[in-house]
Amino acid sequence: MRTAFIETLYQEALKDEKIFLLVGDLGFSVVEDFKEQFSERFLNVGVAEQNMAGVAAGLAREGFKVFVYSIANFPTFRCLEQIRYDICYHNLDVTIVSVGAGFAYGALGGSHHATEDIGALRVIPNMNVYMPSDPEETSFIVKEILKNKGPSYLRLGRAREEVLIKKYDYKLGLNILRESNHKKIIISTGSISSKVLNLNKYSDYSIATINNLSLCAIKELQELIQSGLSEIIVFEEHQKQCGLYSFLSENLIELYSHGKVIGLPKVFSKSLNGFTNVAGTQDYLRKVNSLL
């Protein structure tokens, strides 16, 4: 996903001179082409993520569309105060890009397990949260972000993720990748989606992804419920609290409370419940946490 992100940003920067990229002393072997082509719109701020958020806010105030890029935990948790006050409070055109969501950097231990980031970012007013599941969807999402203004969070995997479905026409919200029993559906987000799509034991479930936390996904869920949806299983490499499962549960209750549906499906979570106190590969940590 990170390669798809930087390649798409590079191509868009050829057309838009207001795109600016900040990095926190990483991205080597990934960002060099962007740096060489757009040296006046690239800055390595160093290992100083809080300062990087402030620099991003200043550049946005000067009219730039700023992308802040670092390993998942560091441009989020380390500078959450600056994101809240400097960027979101002023509704500035800054996109926080985290690479290595979930357990993508699992071998480096708990400091690199990005498993609370959706929850931390989605509650901040003005913040739009985007969670692509494969490289092609990443490219699509970057272009969508560039069409709009305001704070965004782009949650990426690491590298070499599978393309879920070739030549798929992605849209914002809920994307159904495989249709089966219309009464049961699995909804996932992020790189774990490729694993979910290949789980044979759920062959009678429809498979869908959600790539952004917005009402457009809820409208589609409303239509599914009205057509007889009875069961949802949510897969995510994130804590159960405040992630995709929470988002769906909250909005399903809203639909029911406002009379937009007359009944609700059962909703089950395949997500995390606490810290993971071991290190290992992404697949190993998924198994340790019974995600797959």
> Which of Leu59, Leu252, Leu215 moves most in a GNM of the chain, Cα contacts under 10 Å?
Replying inline: Leu215
> Taking the Cα-to-Cβ direction at Val278 and at Ala107 and moving 7 Å from each Cα, how far apart do the two end points lie in nm?
Replying inline: 1.7
> Each residue of the stretch 116-121 in turn: what ³J(HN,Hα) in whole Hz from Karplus with 6.51, -1.76, 1.60 and θ = phi - 60°, glycine and Pro shown as x?
Replying inline: 10, 5, 4, x, 5, 8
> Taking Rh as the Kirkwood radius, which is the inverse of the mean 1/r over Cα pairs, what is the Rg/Rh value for the chain?
Replying inline: 0.96
> What does the charge count near Ala120 come to, summing +1 for each Lys or Arg and -1 for each Asp or Glu among other residues with Cβ under 12 Å from its Cβ?
Replying inline: +1
> Where in the stretch 16-100 are there trypsin sites (Lys or Arg not before Pro) that are in a DSSP coil and have at most 15 other Cβ atoms within 10 angstrom of their Cβ?
Replying inline: Lys18
> Per the helix-only calculation at 222 nm, which mean residue ellipticity applies to the chain, given -39500 (n - 2.57) for every DSSP H run of n ≥ 4 and division by its residues, nearest 500 deg cm²/dmol?
Replying inline: -9000 deg cm²/dmol
> What residue among Ser133, Ala4, Gln82 has its Cα farthest toward the positive end of the dipole of the stretch 2-156, where the charges are +1 on Lys, Arg and -1 on Asp, Glu, each on the Cβ?
Replying inline: Gln82
> Given Cα pairs under 8 Å that are at least 6 residues apart, what percent is the relative contact order of the chain?
Replying inline: 17
>> Report for the chain the percent antiparallel among DSSP-assigned beta bridges with both residues inside it, nearest 5.
In response: 15
> How much net charge surrounds Lys195 when only the other residues with a Cβ under 14 Å from the Cβ of Lys195 are counted, with Lys and Arg +1 and Asp and Glu -1?
Replying inline: 0
> Quick one: helix 49-61 against the long Cα principal axis of the chain, what's the angle to the nearest 10°, folded into 0 to 90?
Replying inline: 80
> From the phi of every residue in the stretch 4-10, what ³J(HN,Hα) in whole Hz does the Karplus formula 6.51 cos²θ - 1.76 cosθ + 1.60 yield, where θ is phi - 60° and glycine or proline is x?
Replying inline: 4, 4, 5, 5, 5, 4, 4
>> Between 0 and 90 degrees, rounded to the nearest ten: what's the tilt of helix 215-226 against the longest Cα principal axis of the chain?
In response: 10
> Can you list residues whose amide H is under 5 Å from Lys65's amide H, if they're 5+ apart or on another chain and H is modeled 1.01 Å from N?
Replying inline: Ile19, Phe20
>> Among Leu229, Gln282, Ser214, which residue has its Cα furthest toward the positive end of the charge dipole of the stretch 174-288, with +1 on Lys/Arg Cβ and -1 on Asp/Glu Cβ?
In response: Gln282
> Between exposed GluC sites (Glu not before Pro) in the chain, where DSSP calls loop and at most 15 other Cβ atoms lie within 10 Å, what's the longest gap?
Replying inline: 180-292
>> Taking amide H atoms as placed 1.01 Å from N in the peptide plane, list the residues 5 or more away in sequence, or in a different chain, whose amide H sits under 5 Å from that of Leu213.
In response: Val129
> Tilt of helix 135-147 relative to the longest C-alpha principal axis of the chain, in degrees (0 to 90, nearest 10)?
Replying inline: 60
> Amide H to amide H under 5 Å from Ile71: which residues, 5+ apart in sequence or cross-chain, H placed 1.01 Å off N in plane?
Replying inline: Val99
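FYI, it's all coordinate maths here, none of it is from the lab. Because the structure is predicted, anything quoted here is derived from the model rather than measured. Please note: Cβ atoms are built from the backbone with ideal geometry, for glycine as well, and neighbour counts cover all protein chains shown.
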